[in-house]
Amino acid sequence: MNQHADEFSRELLCAVVELPRSTLYYLAQPADDLDLRSALEQVALEFPRYGYRRMTAELQRRGWAVNHKRVLRLMREAHLLVQVRRFCRTTFSQHPYGRYPNLIKHLVIERPDQVWCGDITYIRLRHEFVYLAVLLDIFTRSVRGWELSRQLSQELPKAALVRALRSATPAIHHSDQGVQYAADGYTELLRAADVQISMAAQGQPTENAYAERFMRTLKEEEVYLHEYQDFAAARTSIGRFLNDVYMHKRVHSALGYLPPAEFETLWRAAESTTMKAASGAAGAVLEAAPAAPEAIAAEPSTPVTKRIS
């Protein structure tokens, strides 16, 4: 066909041989692009709400030497770029219970269990709404405790807190000013565990942004992808996502694209190594130091008179 391209139009030549015109312009994709697309689609099946940045990080964790530009291109070609679905929630902050200042507004959070944050959201089933309470460790983004209930009651976050306190205790507990978190029963549990209470200012959801962002992730990557038939199905599926997928598989951008459980394990191992090294160095300094001189007796409080013979 190329031999006659100067004499006849490409359209005529294609019509004669019954060949689509697009065939002339087709460029075969490199084999590695096809393999990468296959791997990308596999990740998309496991994590349907991953954007191109998390997709890039996950592919790199699986051994692919790939940058975000290439991943973005392939995701766009495969129509795998996700559209963010927004959701709203309500907090009942008009109540007679105590209110607490925001203790973490300018706090540098630098270790696990320094600050936990809590939040409650609703989940629609086929014939009812159910409610989920979650406690999140801000430093590691780990889920410390959760509970699902048919009632939006004060017992819901208490159950999540009791579960969380079995394994760890935070220095500070942060939440919005919702009635469930301000109620006496909940705050008494915190005081009994010697936990400081912190709350976002009324009408300022950005002051509890870690919990709000987590709930958005939960909705986009779990709840919106399933139609739970009943309460038991919702509890099983959400529990699997929280305890397995989120904690051990889903990479988190704020954690250097590691899952929370892996990040916390590595952090604690590094911290333990640092402490051992510091302890060993201190011991070596003490061993190398000269012996301390014997204590010198204090001078008497009354002057000594020299006798002249």
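The values are calculated or read from the model by the stated rules, or taken from the named source; none is laboratory data. What you are looking at is a predicted structure, and each value in this text was computed from that prediction instead of being measured. Positions of Cβ are backbone-derived with ideal geometry, glycine not excepted, and every protein chain shown enters the neighbour counts.
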Criterion violated by T90 - all others in (1) at pLDDT below 85; (2) closer than 16 Å to L190 by Cβ satisfied: (2)
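Do you know which of the residues in the stretch 221-265 that are β-branched (V, I, T) and at pLDDT 95 or above is farthest from W146 (Cα to Cα)?
Step one: list which residues in the stretch 221-265 are β-branched (V, I, T), which gives 223, 236, 238, 245, 251, 265.
Remaining after also requiring at pLDDT 95 or above: 236, 238, 245, 265.
Working: T236: 13, I238: 10, V245: 15, T265: 21 Å.
Ranking the candidates gives T265 first.
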For residues that are among the polar types (S, T, N, Q) and surrounded by 16 or more Cβ atoms within 10 Å (Cβ to Cβ), scanning just the stretch 167-195, find the one that is nearest to the chain's Cα centre (by Cα). S175
Restricting attention to the stretch 210-233, the residues that are farther than 24 Å from A200 by Cβ and either among the aromatic types (F, W, Y) or surrounded by fewer than 17 Cβ atoms within 10 Å (Cβ to Cβ) (or both) number exactly 10
Inside the stretch 146-165, can you point out the residues that are under 17 Å from G178 (Cα atoms) and either in contact with an Asp or Glu (Cβ under 7 Å, 6 or more places away or on another chain) or of a type in the set (D, E, K, R) (or both)? E147, E155, L156, K158, A159, A160
Return a yes/no flag: does the stretch 123-136 have any residue that is at pLDDT 95 or above and within 30 Å of L40 (Cα to Cα). yes
Going through F231, F214 one at a time, which residue ends up being closer than 20 Å to L125 by Cβ, among the aromatic types (F, W, Y) and touching a Leu at 6+ places or on another chain (Cβ under 9 Å)? F231
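Considering only residues that are among the small types (G, A, S) and surrounded by fewer than 14 Cβ atoms within 10 Å (Cβ to Cβ), which ones fall in the stretch 234-243?
Hit for the stretch 234-243 is G239, nothing else.
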Give the residues of the stretch 120-150 that are within 15 Å of S175 (Cα to Cα) and in a strand (DSSP E or B), sorted by residue number. I120, T121, L132, A133, V134, L135, L136, D137, V143, R144, G145, W146
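How about the stretch 13-84: which helices (runs of 4 or more DSSP H) wholly inside it have at least 2 residues that are more than 20 Å from S253 (Cα to Cα) and at pLDDT below 70?
On the way: elements: 22-25, 31-46, 52-61, 68-77.
In the stretch 13-84, 22-25, 31-46 are the helices (runs of 4 or more DSSP H) which contain 2 or more residues that are more than 20 Å from S253 (Cα to Cα) and at pLDDT below 70.
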